[in-house]
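What follows is a set of notes on a single structure, which appears directly below.
Just so you know, all these numbers are worked out from the coordinates, no wet-lab data involved. Everything quoted here is computed from the prediction, not taken from an experiment. FYI the Cβ positions are ideal-geometry reconstructions off the backbone, even for glycines, and counts take in every protein chain you see.
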Amino acid sequence: MDLELERIFEQAVRLPRSDQEVLARWLIESLDGPPDLEAERKWDEEADLRQQELEDGRVSPISSETLRERILGDSPGPWRQKS
């Protein structure tokens, strides 16, 4: 590790934990590059559509346990062939 990086690290570990968490989040986010605004817009639209489907009664919510069972094959879902 170069000396400048070591100096920055030593300063960072002396920060309060909450500041360390913010700094870590910033560093991780900086690795991702700029946000994909089009993708974010499409995800927002999808979330709005799903919310509307729930409110209109076109779909029914399921529990995370039921979803897990369906994904892992613990329970036959409507898309799986029954043996």
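Rounded to the nearest 10 degrees, the angle from helix 3-13 to the longest Cα principal axis of the chain is 60 degrees. Note on the chain: with charges restricted to the Cβ of Lys and Arg (+1) and Asp and Glu (-1), its dipole about the Cα centre is near 540 debye.
Structure remark: mean-square fluctuation, Gaussian network model of the chain, C-alpha springs under 10 Å; the largest value among GLY73, GLY33, GLY57 belongs to GLY73.
Residues in the range 54-62 carry Karplus couplings, in order, of 5, 5, 7, x, 6, 9, 10, x, 10 Hz; the curve used is 6.51 cos²θ - 1.76 cosθ + 1.60 with θ = phi - 60°, and Gly or Pro positions show x. Taking ALA39, ALA12, ALA47 as the candidate residues, the one with maximal mean-square fluctuation in a Gaussian network model of the chain, Cα springs under 10 Å, is ALA12. Using the Cβ-Cβ distance between ARG14 and ASP56 with R0 = 41 Å, the FRET efficiency computed as 1/(1 + (r/R0)^6) comes to roughly 0.15.
Test of understanding: given the chain, find the longest segment containing no trypsin sites (Lys or Arg not before Pro) that are in a DSSP loop and have at most 14 other Cβ atoms within 10 Å. Longest site-free region, per DSSP loop and neighbour criteria: 15-57.
Taking the longest Cα principal axis of the chain as reference, the axis of helix 17-32 is set at about 70 degrees.
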